[in-house]
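For reference, the structure is listed below as structure tokens.
The values are calculated or read from the model by the stated rules, or taken from the named source; none is laboratory data. Quick caveat: nothing in here was measured; it's all calculated off a predicted structure. As a convention, Cβ positions derive from the backbone with ideal geometry for all residues, glycine included, and neighbour counts pool all protein chains shown. Calculation scope for accessible area: heavy atoms of the full protein, side chains included, ligands and nucleic acids excluded. Shrake-Rupley method; radii C 1.70, N 1.55, O 1.52, S 1.80 Å.
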Amino acid sequence: MLAVVRTPNASLQALAAQAGGRLRVVLGDLCESRLGGRLAEELQGEPLDRLIVNAGIMGPLESEGQRATAAELGELFLTNAVAPLRVLEALAPYMAAKGVAACLSSQMGSVSLARAVEMPLYGASKAALNSLLQNWMAGRQPSFAVLALHPGWVRTELGGASAPVAISDSVAGLVTVIESRAGQAGCAFLDHQGQVLPW
Ligand SMILES: NC(=O)c1ccc[n+]([C@@H]2O[C@H](COP(=O)([O-])OP(=O)(O)OC[C@H]3O[C@@H](n4cnc5c(N)ncnc54)[C@H](OP(=O)(O)O)[C@@H]3O)[C@@H](O)[C@H]2O)c1
């Protein structure tokens, strides 16, 4: 198992040390164009059963949107939408036939729900991710499942202290959802409780 982080992390290193060689930590930035290729080399020919692209950023809030710079907007859309697709594209040849590739999206990326009033640029970046995933699927039609996942509103740095969902509950739900989709080709937009979200 590979865990990719851009910043060395003591708790992840400790987990890797306990895992007896089953977990390797790889340093990499999601926005690095060569990341997918580097990870493919790390696989050393092993098929990839699960790919989870979790990293994402909030970007400018609604109140800051009008003043956001081109660099901020570029970073937001590269991190949240384009870079996950690059990783998926690079690693698709290594995916197991009954594998699952999941990208952390957001219910704010649902165009029809329109729930990103406070964070419309973030919502637009996740809508862009969803669109890229759907079109990638339509073009490639792979045998493995591709998921856009909403983790709930979770108490993380991004979600904030008042978010109702604990990280452990979100992660447990996401793992169940991902495992339930193994062997089912196609693209789905689901939350951490397995509810289907409208695109
Ligand atoms: N929390 C929520 O309520 C919520 C709701 C809907 C969707 N989501 C999505 O769920 C995912 C996880 O969110 P979170 O709440 O855990 O966010 P978070 O607390 O802000 O953590 C984001 C993580 O992404 C990493 N990251 C950001 N940019 C990166 C890059 N360029 N390369 C590598 N790593 C990068 C960060 O690494 P560093 O530690 O190095 O900064 C951090 O570990 C995101 O895609 C987010 O959009 C979250």
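Points worth noting:
- Enumeration of residues in region 21-33 that are at pLDDT 95 or above and charged (D, E, K, R): Asp29, Glu32
Matching residues to (1) open to solvent by 10 Å² or more (accessible area, probe 1.4 Å); (2) over 22 Å from Leu73 (Cβ atoms):
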site: Met95; (1), (2): yes, yes
site: Ala101; (1), (2): no, yes
site: Arg115; (1), (2): yes, no
site: Ser131; (1), (2): yes, no
site: Ser143; (1), (2): yes, yes
site: Leu147; (1), (2): no, yes
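- Looking at Leu23, Leu15, just one residue is open to solvent by 90 Å² or more (accessible area, probe 1.4 Å), over 17 Å from Leu91 (Cα atoms) and more than 10 Å from the ligand (Cβ to nearest atom), and that residue is Leu15.
- Across region 178-199, the qualifying residues are those that are closer than 16 Å to Ser110 by Cβ and hydrophobic (A, V, I, L, M, F, W, C), and the one among them that is most open to solvent (accessible area, probe 1.4 Å) is Val196.
- Restricting the first member to region 45-56 and to residues that are closer than 13 Å to Ile178 by Cα, and the second to residues that are charged (D, E, K, R) and more than 10 Å from the ligand (Cβ to nearest atom), the beta-carbon pairs closer than 9 Å and six or more apart or on different chains are Asp49/Lys98; Arg50/Glu179.
- Summed over region 160-177, residues that are open to solvent by less than 70 Å² (accessible area, probe 1.4 Å) and either within 14 Å of the ligand (Cβ to nearest atom) or not in a helix (DSSP H, G or I) (or both) total 8.
- Inside region 135-159, residues that are assigned to a loop (DSSP other than H, G, I, E, B) and more than 10 Å from the ligand (Cβ to nearest atom) make up a count of 4.
- Against the numbered list (1) surrounded by 19 or more Cβ atoms within 10 Å (Cβ to Cβ); (2) within 30 Å of Gly45 (Cβ to Cβ); (3) free of Cβ contacts under 8 Å to residues at least 60 places away in the same chain, Gly123 comes up short only at (2).
- Taking first residues from region 67-83 that are over 21 Å from Ala148 (Cα atoms) and within 11 Å of the ligand (Cβ to nearest atom) and partners that are modelled with pLDDT of 95 or more and not polar (S, T, N, Q), no Cβ contact under 6 Å between residues at least 6 apart in sequence or on separate chains turns up.
- Scanning region 40-75 for residues that are among the acidic types (Asp, Glu), modelled with pLDDT of 90 or more and open to solvent by 80 Å² or more (accessible area, probe 1.4 Å) turns up Glu41, Glu46, Asp49, Glu72, Glu75.
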